[in-house]
2 protein chains.
Amino acid sequence: MARRLKLIIAYDGTPFAGWQSQSHRNTIQDHIERAFERVLGKPVRVHGAGRTDAGVHALAQCAHADLPNDRLSAARWTEALNALLPPAIRMLRCQYVSNDFHARLSAKGKIYRYRIWLAPVLPPFECHRAWHTPRPIDFKILKRAAKRFVGTHNFAGFAANRGKEEKSTIRTIYSVRVRQEGPCMAIEFDGDGFLYKMIRLIVGSLVKCALDKMCIEDVAARLDSGQVGPPRFAAPAEGLFLVRVRY
Amino acid sequence: MARRLKLIIAYDGTPFAGWQSQSHRNTIQDHIERAFERVLGKPVRVHGAGRTDAGVHALAQCAHADLPNDRLSAARWTEALNALLPPAIRMLRCQYVSNDFHARLSAKGKIYRYRIWLAPVLPPFECHRAWHTPRPIDFKILKRAAKRFVGTHNFAGFAANRGKEEKSTIRTIYSVRVRQEGPCMAIEFDGDGFLYKMIRLIVGSLVKCALDKMCIEDVAARLDSGQVGPPRFAAPAEGLFLVRVRY
C-alpha cells in the first residue's frame, strides 16, 4: 500500500525556473520528482504546499509524495534524495504521515520574508538573496503602510493574473513585521494564503511609499477597491523567501 | 602625476580562479584591472595585499593601483568600478593614499576565517561558503590543537610549494579563535602573514584531530620539525574567508 511522505525542503531559487513542473524540467518540483524516479524506477508526483516563482527561495517549503512499495525509512529518504539533488535544493527532513495530510490542502497558512538591502553597495554574499535598494528609504512610512495590509481584504489589486482565474482573491494577512538590522530590512508576512505575486506587489508598493513616489492613501484605496487598477510594480523575486508553511 | 588609490574589495570566490592574474583572465585581479582599463582606456596594474586561491572568499581584501591622469574622486571610482565588475566582486571603498602605502609591503598582518558546517545537511545558502563536515567532531580537541599553532614557528610542514620557493617559511600567528554558533564552527587566524595553503593545511590537521584520525602530538611534531613530512590534507577552499588586512 502507498505510504505518504512529507518533505521539508530548502532551496536557493536562483538557478531554477520556480517550483512548478515545466516542460524544460528545470524546476524544483522536477528535480525532486526526478530524484524519486531514480530511486524507485518509476515516476512519482510531488505535491507542493504552493508554487514559488523563478528566483524565489525557500527556507522550509513543504510537499508530499505517495510512494508505492516503499522500503526506505524516512531518514534514508532524506539521505537518498540529497545525494541525487543539486546542492541548491536540500531535503531538510522527511517524515511518513497519514494519508489525510495534504501539503497544499492541509496548510493553515504561510510565512514569507522579503529582504531589502539598503546600502550603496550590495555585498557579494547578498547577491540574489536580497533586493538592493541603494537609496535611503523612510522606515517609519514603510512600517505604517505595511500595517494597512493586515486583515481580511480582497487582494485583487495586489495579484497578477495567472491565466486561469483564481476562485477568490480574498485572503487574510495575520501580521506584517518589519525589522531592520544594519543595512538589511526584512518584511515578514504571515497569512492564510497568498495570491500570485501578491507579496512582491505589496512590497513594491511599500517601497514606493517609503521612497515618497506613492502615498499611503493610494495604496489603501487600491486595497479597498478590490480592483487591479493602474500599472503596478512588483519587487524582484530574489528578495523573497518562503520561511515555512503552517499546518 | 600618478595618484595611488587604495581599494577595499569583497568577493565571492566561487566563480573565479583566485586572485592572481592568469592568461584566461578569470581572476579577481584580472576583472578589476579590466574595469580600470575600461574607464581609463589604458592598462592599470592592481597590487593585492596577497593572493587568494580559487574558491577562497574575501570580506575585505586590500589592493592599490597607481592611476595616471586621474580625474575621478575616490567615491566615483567605487561607483564606476562596481558598475563594471561582476556582482560577485564588490568595491567596498576606494581611498587616495600617499605613494608610500603599498597593499602588500605595508601590511602588518591578516585575519582569515575558516567556516565548517557541522550538520547532516548543508543548507543551500551555505553552499560554497563553508566546508560541510557531516560527522560530529570533538570541539574541545580541535580547540586544544588550534592553540598549538599560536606563536612564531617554521610552518614548512603546513605550506604547499608554489613552484618558486618562499624566502622564509617562518611566520607568527598571534591568535587562533574557535567559535561555534549552532551548526557553524568558525576558526579565525590572526597572523603576520600566511604561506601558500597554510590555513587550509592547518584546518585539515585540526579537523583530523577532532575526528580522532590524527593525534595532537603528531601535529605538534610536524610543526616543530619544520619539515614537509608525510602526506597532508588541505581543507577545501570554499570555507576560507580573508576577513581583513591589518596596516
Distance from the Cα centre of region A:1-71 to that of region B:1-63, in angstrom? 40
Neighbourhood net charge (9 Å Cβ-Cβ; Lys/Arg +1, Asp/Glu -1) for A:LEU84: +2
With a 1.4 Å probe and every protein chain left in place, work out the accessible area per residue of region A:3-97 in Å², rounded to a whole number. 41
Inter-copy separations for B:ILE141, label at 7 Å along Cα-Cβ, nm, ascending: 6.0
For region B:13-73, state the average projected area of the convex hull of the C-alpha atoms over all orientations, rounded to one decimal in nm². 4.5
So how do B:188-197, A:49-58, A:98-107 stack up, highest first, on mean other-Cβ count within 10 Å? A:49-58, B:188-197, A:98-107
Would you mind giving the total buried accessible surface between chains A and B, with a 1.4 Å probe and ligands, DNA and RNA left out, rounded to the nearest 100 Å²? 1400
Over 25 Å between Cα atoms: which of A:LYS6/A:LYS110; A:LYS147/A:LYS208; A:LYS108/A:LYS167; B:LYS6/B:LYS143 fall into that group? B:LYS6/B:LYS143
Taking the Cα atoms of region B:1-129, what is the range of coordinates along each of the three principal axes, in descending order and whole Å? 57, 31, 28
Would you compute the Debye intensity of region A:109-246 from its alpha-carbon atoms alone, equal scatterers and no solvent, and pass along log10 I(q)/I(0) at q = 0.13, 0.16 Å⁻¹ to two decimals? -0.52, -0.79
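Please compute, over every Cα-Cα pair in the protein assembly as shown, the percentage with a separation greater than 36 angstrom.
Roughly 44 percent, once rounded to a whole number.
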re region B:129-181: pairs of Cα atoms spaced beyond 18 Å account for a percent value of 51
Which chain A residue comes nearest the axis with its C-beta when you rotate A onto B, and by how many angstrom? A:PHE125, 5
For the protein assembly as shown, give me the percentage of DSSP beta bridges that are antiparallel, rounded to the nearest 5 percent. 90
Which distances in nm, rounded to one decimal and ordered from shortest, link the label point of B:ALA119 to the equivalent label points in the other identical copies, with labels set 7 Å from Cα toward Cβ? 2.4
Average accessible surface area per residue within region A:109-246, 1.4 Å rolling probe, Å²: 47
Using the 7 Å Cα-to-Cβ label point, sort the distances from A:SER225 to its equivalents in the other copies shortest first and give them in nm to one decimal. 7.9
Which residues, if any, in region A:87-127 lose at least 50 square angstrom of accessible heavy-atom surface (probe 1.4 Å) when the other protein chains sit next to their chain rather than the chain being alone? A:VAL121, A:PRO124, A:PHE125
Can you pull the percent of chain A's accessible area that's carbon plus sulfur, 1.4 Å probe, other chains left in place? 51
Using every pair of alpha-carbon atoms in chain B, split the distances into 10 Å bins beginning at 0 and state the percent of pairs per bin, rounded to integers. 7, 30, 32, 20, 9, 2
Summing -39500 (n - 2.57) over the DSSP H runs of n ≥ 4 in chain B and dividing by its residue number, what mean residue ellipticity at 222 nm do you reach, to the nearest 500 deg cm²/dmol? -7000 deg cm²/dmol
Using heavy-atom solvent-accessible surface (probe 1.4 Å) with all chains present, what is the largest-first order of B:MET91, B:MET214? B:MET214, B:MET91
What FRET efficiency comes out for the pair B:LYS213/B:CYS184, r = Cβ-Cβ distance, R0 = 25 Å, nearest 0.05? 0.70
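The values are calculated or read from the model by the stated rules, or taken from the named source; none is laboratory data. None of these values were measured; they are calculated from a predicted model. Cβ coordinates were reconstructed from backbone atoms using ideal geometry, including for glycine residues, and neighbour counts include every protein chain displayed. With ligands, DNA and RNA removed, areas are computed over all heavy atoms of the protein, side chains included. Shrake-Rupley method; radii C 1.70, N 1.55, O 1.52, S 1.80 Å.
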